[in-house]
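Peer 1: Pasting a structure here, questions to come.
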Amino acid sequence: MNGAAQQRPAAVSRPRIGFLGTGRIGLFRMQSLADSGLVEAAMVADPSPEMREAALKIAPEAEVASSLDDLLSAGLDAIVIATPSALHAEQSIAAFEAGLAVFCQKPLGRTEAEVRAVVDAARKADRLLGVDFSYRHTAGMQRIRELVTAGTLGHVFAADLVFHNAYGPDKPWFFDKALSGGGAAMDLGCHLVDLALWTLGCPEVTDVSGRLVRNGQPIRNDSDDVEDYASATFMLDSGTQVRIACSWHLHAGRDAVIGAEFYGTDGGASFSNVGGSFLDFRADHHTGTGTRQIAEPPEDWMRGAITQWAEQLVAGQGFDPAAEEFVTVANVLDRIYAR
Ligand SMILES: NC(=O)c1ccc[n+]([C@@H]2O[C@H](COP(=O)([O-])OP(=O)(O)OC[C@H]3O[C@@H](n4cnc5c(N)ncnc54)[C@H](O)[C@@H]3O)[C@@H](O)[C@H]2O)c1
């Protein structure tokens, strides 16, 4: 570890950022940061010439790095990682050991052990770690969390969350468990586990059970095959039962079915995508048979996580202990995959 990692980070007026992996989501997030004006997009690294070229269209002044080592020795303040999932943990740890802050795509690691190692490296370096749990930043989920936190729903005893994607991923690495860490549960279920825990104040998770399916047939939870349909139930020590279901390539009659329902003794709340959209969400607060809409589209939520991270970086924030929440999410996924 170099000397920089031993010192607390200071406020930086326009941090210099490197972008590692500028594929589909990497380009989106890079554009968001460029639009924010909060940071300087100083360097890009991607083995694909086509993707590097696309990144340079967003940040024509950026230098091209030929490796992670190049990025880490360029005097940057932070890196944004959007590479295939298997690389996230080791790349994040290398960045922390070099004294940089990190914003990483989900999943932060393929297993709890990987995620734990990243969070420990961030804590040791006292550097900011952000993960792109983007749905936390929808207005609907923010309003529902406020209702739960204020006690308006009473004791929340049940939560049901779904994320069905009629298409599924388009890159082969998603279907190789060694590279992705898992199928639909890892890809989409991690958002649902995170949303449930974040909304409910991150209570301890007790029993977890999951069922995995590939091409309509059950597969073992520890199978090397990746599931295209997963369901899981887990209990929280607050007494809440959480059920999640997620899938790729489901005959859903629309592009996507995304929703989160929270049922309490004094009320309920639901978050749902509108018309099968991946982007448009509404949220409602229910009391008995009455419903009050509390959020509606349009909104620009997808840039929320990375913008918040950039604002914290500019303010000089170091390690945030809330990063422990990423370890809990990974622990639930490990238990779904019988690891
Ligand atoms: N937060 C979200 O909601 C969300 C949405 C979509 C994808 N993701 C996550 O983002 C990650 C990337 O997904 P994607 O769909 O953009 O995949 P992608 O395949 O389009 O992009 C990955 C990029 O990484 C590059 N790459 C591969 N190895 C590299 C290396 N060693 N160094 C630098 N670059 C390297 C590839 O060339 C490619 O351009 C995945 O982990 C995925 O789970 C998150």
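Peer 1: Return the total of residues in region 282-294 being closer than 19 Å to residue 198 by Cα and either among the basic types (Lys, Arg) or touching a Phe, Trp or Tyr at 6+ places or on another chain (Cβ under 6 Å) (or both).
Peer 2: Total meeting the criteria: 2.
Peer 1: I've got another one for you. So, in region 125-173, of the ones that are under 12 Å from residue 199 (Cβ atoms) and among the basic types (Lys, Arg), which residue ends up farthest from the ligand (Cβ to nearest atom)? Give the derivation first.
Peer 2: Of all residues in region 125-173, those under 12 Å from residue 199 (Cβ atoms) come to 133, 135-136, 138, 140-149, 153, 156, 159, 161.
Still in the running and among the basic types (Lys, Arg): 136, 143, 145.
Values: 136: 10, 143: 20, 145: 18 Å.
Taking the candidates together, the pick is 143.
Peer 1: Of the conditions (1) assigned to a strand (DSSP E or B); (2) within 16 Å of the ligand (Cβ to nearest atom); (3) crowded, with 24+ Cβ neighbours inside 10 Å, residue 190 clears all except one; give me its number.
Peer 2: (1)
Table: residues versus (1) touching an Asp or Glu at 6+ places or on another chain (Cβ under 6 Å); (2) on the phi > 0 side of the Ramachandran plot; (3) basic (Lys, Arg).
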| position | (1), (2), (3) |
| --- | --- |
| 108 | no, no, no |
| 115 | no, no, no |
| 136 | no, no, yes |
| 144 | no, no, no |
| 149 | no, no, no |
| 162 | no, no, no |
| 179 | no, no, no |
| 196 | no, no, no |
| 201 | no, yes, no |
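Peer 1: Still on this structure, please answer the following. Quick one: count up the residues across region 21-46 that are among the acidic types (Asp, Glu) and in contact with a strand residue (DSSP E or B) (Cβ under 6 Å, 6 or more places away or on another chain).
Peer 2: 1
Peer 1: Now for a separate question. Name the strands (runs of 3 or more DSSP E) wholly inside region 257-339 in which the number of residues that are under 18 Å from the mean Cα position of the chain (by Cα) is 1 or more.
Peer 2: It comes to 268-273, 281-287.
Peer 1: Residues that are of a type in the set (Gly, Ala, Ser), at least 1 per element: which helices (runs of 4 or more DSSP H) completely within region 37-149 meet that?
Peer 2: Values: elements: 49-58, 68-72, 88-97, 112-125, 139-149.
Counting at least 1 such residues, we get 49-58, 88-97, 112-125, 139-149.
Peer 1: Moving to a separate point now. If I filter region 198-226 down to residues being more than 15 Å from the ligand (Cβ to nearest atom) and buried (at least 23 other Cβ atoms within 10 Å of the Cβ), which single residue comes out as nearest to residue 134 (Cα to Cα)? Walk me through how you get there before you give the answer.
Peer 2: Kept after step one, since they are more than 15 Å from the ligand (Cβ to nearest atom), are these residues of region 198-226: 199-225.
Pick out the ones that are also buried (at least 23 other Cβ atoms within 10 Å of the Cβ) and you get 199, 212.
Working: 199: 14, 212: 25 Å.
Among those that are more than 15 Å from the ligand (Cβ to nearest atom) and buried (at least 23 other Cβ atoms within 10 Å of the Cβ), it is 199.
The rows are residues; the columns are (1) surrounded by fewer than 13 Cβ atoms within 10 Å (Cβ to Cβ); (2) in contact (Cβ under 8 Å) with a residue 40 or more places away in the chain; (3) near the ligand (Cβ under 9 Å from one of its atoms); (4) not assigned by TED's automatic domain parsing to the domain that holds residue 101.
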position	(1), (2), (3), (4)
25	no, yes, yes, no
32	no, yes, no, no
52	no, no, yes, no
57	yes, no, no, no
62	no, yes, no, no
67	yes, no, yes, no
70	no, no, no, no
76	no, yes, no, no
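Peer 1: Can you tell me which residue is farthest from the chain's Cα centre (by Cα) among those in region 95-116 that are among the aliphatic types (A, V, I, L, M) and crowded, with 19+ Cβ neighbours inside 10 Å?
Peer 2: First, pick out the residues of region 95-116 that are among the aliphatic types (A, V, I, L, M): 95, 98, 100-102, 108, 113, 115.
Then keep just the ones that are crowded, with 19+ Cβ neighbours inside 10 Å; that gives 95, 98, 100-102, 108, 115.
Values: 95: 19, 98: 23, 100: 20, 101: 17, 102: 13, 108: 8, 115: 12 Å.
Restricting to residues being among the aliphatic types (A, V, I, L, M) and crowded, with 19+ Cβ neighbours inside 10 Å, the top hit is 98.
Peer 1: Could you list, ordered by first residue, the pairs with Cβ atoms under 7 Å in which the first is in region 141-155 and surrounded by fewer than 18 Cβ atoms within 10 Å (Cβ to Cβ) and the second is of a type in the set (Ser, Thr, Tyr) and modelled with pLDDT of 95 or more, at least 6 apart or interchain?
Peer 2: 154/265; 155/265
The values are calculated or read from the model by the stated rules, or taken from the named source; none is laboratory data. All figures in this text were calculated on a predicted structure; none of them were measured in a lab. So basically every Cβ, Gly included, is an ideal-geometry build from the backbone, and we count neighbours across all protein chains shown.
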